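**Student:** Below is a structure I'd like to ask you about.
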Amino acid sequence: MIYEGKAITVKALEGGIVELKFDLKGESVNKFNRLTLNELRDAVVAIKDDASVKGVVVSSGKDVFIVGADITEFVDNFQLPDEELMAGNLEANKIFSAFEDLEVPTVAAINGIALGGGLEMCLAADYRVMSTEAKIGLPEVKLGIYPGFGGTVRLPRIIGTDNAIEWIASGKENKAEDALKVGAVDAVIAPELLQAGALDLVKRAIAGELDFKAKRQPKLEKLKLNAIEQMMAFETAKGFVAGQAGPNYPAPVEAIKTIQKAANFGRDKALEVEAAGFVKLAKTPVAASLIGLFLNDQELKKKGKLYDEAAKDVKLAAVLGAGIMGGGIAYQSAVKGTPILMKDIREEAIQLGLNEASKLLDKRVSRGKLPAAKMAQALNAIRPTLSYGDFANVDIVVEAVVENPKVKQAVLAEVEGVVKEDAILTSNTSTISISLLAKALKRPENFCGMHFFNPVHMMPLVEVIRGEKSGETAIATTVAYAKKMGKTPIVVNDCPGFLVNRVLFPYFGGFSKLLGFGVDFVRIDKVMERFGWPMGPAYLSDVVGIDTGHHGRDVMAEGFPDRMAVEGKTAVDAMYEANRLGQKNGKGFYAYEMDKRGKPKKVTDPVAYEVLKPIVTEQREVTDEDIINFMMIPLCLETVRCLEDGIVSTAAEADMGLIYGIGFPPFRGGALRYIDSIGVAEFVALADKYADLGALYHPTAKLREMAKNGQKFFG
């Protein structure tokens, strides 16, 4: 053994060839933490000092190659002063460069996922061979940063500027065939032949059949583009990428600027340019939010695993109530491999559900994301029925009928009588108490909520709602089924609106107050979209459905009368009474026309302004900042209350629920991280400025205590 550590070993193979193997002890994956980087430095020194070494194969002892840097260490490192952070980055880069500068040929054998620092390690090798099952990429922009271990320097010099910009700015994972096509790897090999292929390549280089030093040289030099070619490549790319990324995500454009600045330098100076830009991005609030979001997601996954042991295996599911929602649930279950019965009392509803599932599957086939054979398989896994005849073997039922407690109770009691005794029943309700619905059941311990968000195939969140009598098996099985469907489940306790809708309605409450002061809803939408929401509150109301919002508002007002009950007629009342229900009947705050692709397109409608005139109680001048505060303060305070009331158990789950459930701007990290970014004391002071607007704007006693003690929700 030439070198042995806790993350890396170097051992002799044959003919002077050594294997540098990544295999981080105690972890399921390899990652670049401080330990691994230090060991890589020592391993490279050991190889360099051993005169018998003629070539190096870099491999992994795990199913993945290297998943990237250890994100948990980012949080601490990014707090360092700029000079320290940059010095640390350049020190790490010296290790990769020392490996690259070895006097012998090096080959990376990529057996599985190689992302971020994992791919940057491979780029430092002379040659790369890749398993047909592996994927590679530089996803750092998704964390608000860009590659910091030489990715912006080496990749453009290996695959060309245009390809490198696409890879880095998109952050996407690339399959083996695509990597080979652009020259990111030198060979693609079946998994079982990977090691032999890597050995063969290094032997050919040792024999002089391949000139490894000539292969290495372009990575050490400036980019081979003249001034005009540089201008065309970089300026065009910056304009396009800026349009795609939007103003709130600076990393993709900064990555292009860095490649451009470093284009006329050799490797070492180019790495300094990369490090300077990396430090600049690392200090942005966007990076803090997106890294926090990543860590929150990891926490959610860990919590989800805690339920695995108590969960029953779901081999057959059922959805009650077809239509768009039922069809969406059936599609999601079937496409992820769980057969599902779709029951309704009306043939036309069954047809609507099947059409919805078929349409979604067809889209995936047309985009090349699903083979036609798999589409047929998924469609066959959805069994439509008008009766309960096939329900004896069902493991879990999702009730998705009309949002009416009496109807839901009747349907749930009915299905309980025909399924096996240990079958789990769930309700896809958005507002109705699970404990209330459970009163109709003989086995309430086998019942909980399973709230999907519309459209089901696009929205990643599922709220799993624990009622007063919900048993652990019911919760665990529902969590497991949600994960099997490719969703992110969050377990919440029962209350009106649960987590997401309980928090959303105060946001709409702020919108309603603005309309009462005569503020134009089109202006409000534009301000909130600039703030980062995918759509403003008026447009969102139309998409959700004015009638749905009207019903939900009444449920929330009954549940939380002190702050959610309103006096007099609101904008939602006015729209509802005028039968302006939003997209579903073509008129709401906006009117809707079909575009060329058959999708509804919003247009302003003077009639909407006439409908809203009677609800304006006074004309008040408000700034754009006021508009943001009117809406964000109540949303954030209600999130705080959900955490304090134990509706959700952690700040991470609360924030992820809003990001995954209602499209809270990811670059702001969630409601509680948004409060942290302002400062808890500063947020409390801000809320107090709007105290005259009512109880929705009044901070809780506990939040005031946090402000006084200088506490935060994260860190």
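**Student:** If we sort 702-709, 118-125 on the protection proxy, mean other Cβ atoms within 10 Å, highest first, what's the order?
**Tutor:** 118-125, 702-709
**Student:** Spelling out what I want: for every residue of segment 657-667, take phi, set θ = phi - 60°, compute 6.51 cos²θ - 1.76 cosθ + 1.60 (Karplus), and round to whole Hz; glycine and proline get x.
**Tutor:** Each residue's phi maps through the Karplus curve to give x, 6, 5, 7, x, 10, x, 3, x, x, 5 Hz.
**Student:** Which ³J(HN,Hα) values, rounded to whole Hz and listed in residue order, are derived for segment 344-349 from phi using the Karplus coefficients 6.51, -1.76 and 1.60 in 6.51 cos²θ - 1.76 cosθ + 1.60 with θ = phi - 60°, glycine and proline given as x?
**Tutor:** With the stated coefficients, segment 344-349 comes to 8, 8, 10, 4, 5, 5 Hz.
**Student:** Same structure again: Rolling a 1.4 Å sphere over the protein heavy atoms, what is the accessible area per residue of the chain, to the nearest Å²?
**Tutor:** Accessible area per residue, the chain: 42 Å².
**Student:** Under a Cβ-Cβ cut-off of 9 Å, what is the net charge of the residues other than Gly266 that fall near it, where Lys and Arg count +1 and Asp and Glu count -1? Spell out each step's value before the answer.
**Tutor:** Numbers: positive: Lys222, Arg267, Lys269; negative: Glu221, Asp268.
With Lys, Arg at +1 and Asp, Glu at -1, the neighbours total +1.
**Student:** Taking the dipole about the Cα centre of the chain, with the C-beta of Lys and Arg at +1 and of Asp and Glu at -1, give me whichever of Ile8, Val253, Leu85 is farthest to the positive side.
**Tutor:** Value: Val253.
**Student:** Right, something else. Relative to the present Cα-Cα distance, how much length would full extension add between Glu445 and Lys363 at 0.36 nm per residue of separation?
**Tutor:** Contour length minus Cα-Cα distance gives 25.6 nm.
**Student:** Got a number for carbon plus sulfur as a percent of segment 523-659's accessible area, 1.4 Å probe?
**Tutor:** The computed percentage sits at 51.
**Student:** Give the relative contact order (percent, whole number) for segment 1-127; include only Cα pairs under 8 Å separated by 6+ residues.
**Tutor:** Values: 220 pairs, mean separation 34.0, N = 127.
Contact order relative to length: 27 percent.
**Student:** What FRET efficiency would be calculated for the residue pair Lys283, Lys175, taking the C-beta separation as r and a Förster radius of 35 Å, to the nearest 0.05?
**Tutor:** 0.55
**Student:** Further, regarding this structure: Where the centroid of each part is defined by its Cα atoms, how far is segment 415-494 from segment 342-373 in Å?
**Tutor:** Distance between centres, Cα-based: 24 Å.
**Student:** Pull out a ≥ b ≥ c, the square roots of the eigenvalues of the alpha-carbon gyration tensor of segment 143-236, then state rounded if a/c is under 1.5, prolate if not and a/b is larger than b/c, and oblate in the remaining case.
**Tutor:** On the way: a/c = 2.42, a/b = 1.49, b/c = 1.62.
Note, shape of segment 143-236 comes out oblate.
**Student:** Distance cut-off 31 Å, Cα to Cα: go down the list Lys280/Lys712; Lys6/Lys257; Lys222/Lys280; Lys302/Lys442; Lys303/Lys526; Lys336/Lys599 and report the pairs above it.
**Tutor:** Those over the limit are Lys6/Lys257; Lys302/Lys442; Lys303/Lys526.
**Student:** From the phi of every residue in segment 548-554, what ³J(HN,Hα) in whole Hz does the Karplus formula 6.51 cos²θ - 1.76 cosθ + 1.60 yield, where θ is phi - 60° and glycine or proline is x?
**Tutor:** Karplus-based 3J(HN,Hα) across segment 548-554 equals 5, x, 5, 5, x, 4, 5 Hz.
**Student:** If you average 1/r across every pair of different Cα atoms in the chain and take the reciprocal, what Kirkwood value do you get, in Å? Let's see the in-between values first.
**Tutor:** On the way: mean 1/r = 0.0354 Å⁻¹.
Result for the chain, one decimal place: 28.2 Å.
**Student:** Let me ask another. Can you tell me which of 346-352, 593-599, 292-298 comes out highest on packing, and rank the rest after it, using the mean Cβ neighbours within 10 Å?
**Tutor:** 292-298, 346-352, 593-599
**Student:** Out of every Cα-Cα pair in segment 368-448, what percent are more than 21 Å apart? Each step should come with its number before you reach the end.
**Tutor:** Working: 1223 of 3240 pairs.
Of all Cα-Cα distances in segment 368-448, 38 percent exceed 21 Å.
**Student:** Computing the accessible area with a 1.4 Å probe over protein heavy atoms, can you report the carbon and sulfur percentage for segment 70-117?
**Tutor:** About 58 percent, which is the carbon plus sulfur part of the accessible surface.
**Student:** Once you put a point 7 Å from the Cα of Arg523 and another 7 Å from the Cα of Ala310, both along the Cβ direction, what distance in nm separates them?
**Tutor:** Reported label-point gap for Arg523 and Ala310 is 5.2 nm.
**Student:** Go ahead and run the numbers for FRET between Glu621 and Ala681, Cβ-Cβ distance against an R0 of 35 Å, rounding to 0.05. Don't skip to the answer; put the middle values down first.
**Tutor:** Numbers: r = 28 Å, r/R0 = 0.80.
Efficiency computed from Cβ-Cβ geometry: 0.80.
**Student:** Next question. Could you work out [θ]222 nm for the chain from helices alone, using -39500 (n - 2.57) per DSSP H run of at least four and dividing by all its residues? Round to the nearest 500 deg cm²/dmol.
**Tutor:** When only DSSP H runs of four or more count, the value is -16000 deg cm²/dmol.
**Student:** Ratio of segment 557-715's C-alpha Rg to 2.2 N^0.38 Å, to two decimals?
**Tutor:** With N residues counted in segment 557-715, Rg over 2.2 N^0.38 Å equals 1.24.
**Student:** How much net charge surrounds Ala233 when only the other residues with a Cβ under 12 Å from the Cβ of Ala233 are counted, with Lys and Arg +1 and Asp and Glu -1? Display every interim value, and only then the final one.
**Tutor:** Working: positive: Lys224, Lys238; negative: Asp162, Glu166, Glu229, Glu235.
In short, -2.
**Student:** Got the relative contact order for segment 483-568 handy, in percent, Cα pairs under 8 Å and 6 or more residues apart?
**Tutor:** Reported as a whole number, the value is 26 percent.
**Student:** Where the centroid of each part is defined by its Cα atoms, how far is segment 226-251 from segment 541-603 in Å?
**Tutor:** Taking the Cα centre of segment 541-603 as reference, the centre of segment 226-251 is 40 Å away.
**Student:** On alpha carbon coordinates alone, what is the Rg over Rh value for segment 597-686, Rh being the Kirkwood radius?
**Tutor:** Ratio of gyration radius to Kirkwood radius: 1.09.
**Student:** With the crude spin-label approximation of a point 7 Å out along Cα→Cβ, what separation in nm comes out for Asn709 versus Leu295?
**Tutor:** 2.0
**Student:** While we're here: Step by step: find N for segment 111-164, compute 2.2 N^0.38 Å, then divide the Cα radius of gyration by it. What's the final number?
**Tutor:** 1.09
**Student:** Using only the heavy atoms of the protein chains and a 1.4 Å probe, how would Glu399, Glu577, Glu221 rank by accessible area, largest first?
**Tutor:** Most to least solvent-accessible, the answer reads Glu577, Glu221, Glu399.
**Student:** Which stretch or stretches of segment 89-110 have amide N atoms under 19 Å from the point lying 7 Å from Asp50's Cα along the Cα→Cβ direction?
**Tutor:** Label zone hits: 96, 98-109.
**Student:** Can you tell me how segment 88-211 classifies by the Cα gyration tensor, rounded, prolate or oblate, using a/c under 1.5 as the rounded cut?
**Tutor:** oblate
**Student:** Before anything else, pin down the relative contact order of the chain: Cα pairs under 8 Å, at least 6 apart, normalised by residue count, whole percent.
**Tutor:** For the chain, the relative contact order is 8 percent.
**Student:** Separate question: Tell me, what are the semi-axes, in whole angstrom and largest first, of the equivalent ellipsoid of segment 254-318 as set by the roots of 5 times the Cα gyration tensor eigenvalues? Write down the numbers at each step before the final one.
**Tutor:** Details: eigenvalues 393, 40, 22 Å².
Over the Cα atoms of segment 254-318, the ellipsoid semi-axes are 44, 14, 10 Å.
**Student:** Now for a different question. What is the extension gain from Ala565 to Leu13, computed as 0.36 nm multiplied by their sequence separation minus the C-alpha to C-alpha distance, in nm to one decimal?
**Tutor:** That works out to 191.3 nm of additional length.
**Student:** Starting from the Cα of Arg530, step 7 Å along the direction of its Cβ; do the same at Ala701; then give the gap between the two resulting points in nm.
**Tutor:** Modelled inter-label distance: 4.1 nm.
**Student:** Also, quick follow-up: Counting pairwise Cα distances across segment 7-137, what percent come out greater than 23 angstrom?
**Tutor:** Roughly 30 percent, rounded to a whole number.
**Student:** Then there's this: Collect residues whose amide H, placed 1.01 Å from N in the peptide plane, falls under 5 Å from the amide H of Leu581; neighbours closer than 5 in sequence don't count.
**Tutor:** The answer is Lys587.
**Student:** Alpha carbons only, please: Rg and Dmax for segment 411-502, in angstrom.
**Tutor:** In Å, with Rg to one decimal and Dmax whole: 12.3, 35.
**Student:** Something else about it: Using the per-residue mean of other Cβ atoms lying within 10 Å as a proxy for protection, in what order, highest first, do the peptides 187-198, 138-149 fall?
**Tutor:** 138-149, 187-198
**Student:** Hey, how much of the P(r) for segment 522-577 falls beyond 17 Å, as a percent of Cα pairs?
**Tutor:** Every Cα pair in segment 522-577 considered, those over 17 Å come to 47 percent.
**Student:** Which percent, nearest 5, of DSSP beta bridges in segment 1-139 are antiparallel?
**Tutor:** 30
The values are calculated or read from the model by the stated rules, or taken from the named source; none is laboratory data. In this text, all values refer to a predicted model and were calculated from it rather than measured experimentally. A quick note on method: Cβ atoms are made from the backbone with ideal geometry, for glycine too, and the neighbour counts reach across all protein chains shown. Quick note on the areas: whole protein, heavy atoms, side chains included, nothing else; ligands and nucleic acids left out. Shrake-Rupley method; radii C 1.70, N 1.55, O 1.52, S 1.80 Å.
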